[in-house]
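Heads up, the thing below is written out as structure tokens.
No lab work stands behind these numbers, since they all come straight from the coordinates. Small disclaimer: the values here were computed from a predicted structure and weren't measured. Counting neighbours? That spans all protein chains shown, and the Cβs are built from the backbone with ideal geometry, glycine included.
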């Protein structure tokens with residue numbers, strides 16, 4: 001190694017699976033470039049967030065995943081919320097969870113992606129809202145101001161599958177989990193597919 005930094009085996013395996021998938025697909029006819037999850041610039045991390053809401057039970061869950069410019073997962077988390085008023089409140093909790101995760105990981109330059117346009121618009125308006133999640137957005141703005149460079153953008157649901165699956169699993173398990181070493185098995189395929197640039 002000669003002092004060089006080397007990825008952990010699980011991350012290397014994920015990179016190899018993605019490269020192999022891209023290589024195999026180039027041999028097929030009708031292959032095209034897929035407009036999927038895009039990698040952030042080299043000095044920036046990408047934070048994807050999503051939430052789930054169960055109206056009948058009045059509960060929610062959220063998922064957040066941070067990836068670097070190579071598409072490698074840095075850290076991920078999901079959480080269950082036992083009392084949520086509505087879907088906009090669950091989405092606000094997802095944003096707060098993601099911001100806290102980025103803060104925990106020591107990130108300074110962050111691009112946030114959410115498939116909820118309301119979250120993107122509220123944060124674009126300085127976090128001001130009159131909905132049920134107003135207090136949560138106030139907390140989000142406080143955390144937001146601690147980053148060196150941060151922005152938020154809307155993404156399509158298809159490009160947010162990893163965060164969506166994390167939120168879905170939290171609704172099932174009803175516990176808080178964080179992964180800062182190896183990704184959980186239920187998102188490994190989604191991570192590989194997310195950075196695959198070719199499609200049939």
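Structural remarks
- Taking other C-beta atoms within 10 angstrom as a stand-in for reagent exposure, 85, 162 fall in the order 85, 162, fewest first.
- FRET efficiency for residue 177 and residue 156, using Cβ-Cβ distance with R0 set to 35 Å, rounded to 0.05: 0.85
- Percentage relative contact order, region 35-186, counting C-alpha pairs under 8 Å, at least six apart: 32 percent
- Region 116-147 and region 77-96 have their alpha-carbon centroids 13 Å apart.
- Per-peptide packing, taken as the mean over residues of other Cβ atoms within 10 Å, places 62-71, 88-97, 142-151, 101-110 in the sequence 88-97, 62-71, 101-110, 142-151 from highest down.
- Relative exposure of 165, 118, 153, 42, judged by other C-beta atoms within 10 Å (fewest first): 42, 153, 118, 165
- Expressed to the nearest 5 percent, the antiparallel share of DSSP beta bridges inside region 35-186 is 65 percent.
- Efficiency of FRET between residue 131 and residue 57 - r from beta-carbon atoms, R0 30 angstrom, step 0.05: 0.90
- In region 35-186, the C-alpha radius of gyration followed by the widest Cα-Cα span (Dmax) gives 14.1, 43 angstrom.
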